[in-house]
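Contents: one structure, followed by commentary.
The values are calculated or read from the model by the stated rules, or taken from the named source; none is laboratory data. Computed from a predicted model, the values in this text were never measured in an experiment. Cβ atoms come from the backbone with ideal geometry, glycine included; neighbour counts cover every protein chain shown.
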Amino acid sequence: MFVYVDRQRKASLPWATLAIVIACIVMFLWLAFTPDSERWLQFVREWGTVPARLFDANAPLLQQLIELRWLRLGTALFIHAGWLHLAGNVLFLMIFGVPAERALGPWRFLLLFLLGGALANLAEAVILPNTTRPIVGSSGAVSAIIGAYLGLFPRARLGLVLPLGMFLEFVRIPAPLLIGFWALLQIAFTFVGPAFGAVAWGAHIAGFAAGLLFALVSKPAIARRLRS
């Protein structure tokens, strides 16, 4: 899959996207080479988003503040459960993140990633408030970036290489059509649930909606930045 962006302006280095990718890879490698599996699980439970702990009414407010429990909505974004989990998020982050960052600017893009991802994790925690399984991965944040991409580039076309018979055919499909199909799949999988694996589908939907709204609200500021 390829994304076509306007190349009239001089392309700047998408350092925010690269920094997020590097942080996720470094965190994954550090955890992967942790010799003690129990220590690995403890780290994931400690820094992932655990809904039952997040909404623990029995814990005093001071204790929750000291333990920075709500910070886990953000730290969970950089923890991945496996190579496929990491590779999928990194791939979509690079495809949609680079053009989105160049439009939004690096600092606004970082805000989108962190805020959109945190809101996505919060939405999934609200859906499953009593679960003790940690929510990890940047899927919700990547979904927010996909939503922002749609809001920023509604007329863009995404290039796909599709197998047609014995040949590979390159086709360009309107972004709203392809992303809309992706969004419908997330909604469908939300109702199917565990049949398609332990995936936080609700976080994908919430992140997508947050990213789309973020892009629409940011458009005036983006226009001012591009004119300057």
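Which number in (1) under 10 Å from the mean Cα position of the chain (by Cα); (2) buried (at least 22 other Cβ atoms within 10 Å of the Cβ) marks the one condition that Phe96 misses?
Going through (1) under 10 Å from the mean Cα position of the chain (by Cα); (2) buried (at least 22 other Cβ atoms within 10 Å of the Cβ) one by one, Phe96 breaks only (1).
Can you list the helices (runs of 4 or more DSSP H) found entirely within the stretch 122-228 that contain at least 2 residues being among the aromatic types (Phe, Trp, Tyr), over 15 Å from Phe109 (Cβ atoms) and at pLDDT 85 or above? I'd like the intermediate steps shown before the answer.
On the way: elements: 139-152, 175-192, 201-227.
Ranges flagged: 175-192.
Given the criteria under 13 Å from the mean Cα position of the chain (by Cα) and either small (Gly, Ala, Ser) or surrounded by fewer than 17 Cβ atoms within 10 Å (Cβ to Cβ) (or both), does Ala120 qualify?
Here the answer is yes, as Ala120 does meet what is asked.
Can you tell me which residue is nearest to Thr132 (Cα to Cα) among those in the stretch 26-83 that are within 23 Å of the chain's Cα centre (by Cα) and of a type in the set (Val, Ile, Thr)?
That would be Val50.
Just to check your reading of the model, which residue among Leu73, Leu91, Leu62 is modelled with pLDDT of 90 or more, outside any loop (DSSP other than H, G, I, E, B) and exposed (fewer than 15 other Cβ atoms within 10 Å of the Cβ)?
The unique qualifying residue is Leu91.
Test Glu101 against the criterion of being without any contact (Cβ under 8 Å) to a residue 60 or more places away in the chain and acidic (Asp, Glu), and give yes or no.
It is false that Glu101 is without any contact (Cβ under 8 Å) to a residue 60 or more places away in the chain and acidic (Asp, Glu).
So which pairs qualify, if the first residue must be in the stretch 41-53 and over 15 Å from Trp30 (Cβ atoms) and among the hydrophobic types (A, V, I, L, M, F, W, C), the second must be buried (at least 17 other Cβ atoms within 10 Å of the Cβ) and modelled with pLDDT of 90 or more, the Cβ gap must be under 6 Å, and the two must be at least 6 apart or on different chains?
Filtered contacts from the stretch 41-53: Val50/Pro134.
Is it the case that the stretch 10-31 has a residue that's basic (Lys, Arg) and either in a loop (DSSP other than H, G, I, E, B) or at pLDDT below 85 (or both)? Let's see the steps before the verdict.
First pass over the stretch 10-31, keeping only residues basic (Lys, Arg): 10.
Pick out the ones that are also either in a loop (DSSP other than H, G, I, E, B) or at pLDDT below 85 (or both) and you get 10.
Scanning the stretch 10-31 turns up at least one residue that is basic (Lys, Arg) and either in a loop (DSSP other than H, G, I, E, B) or at pLDDT below 85 (or both).
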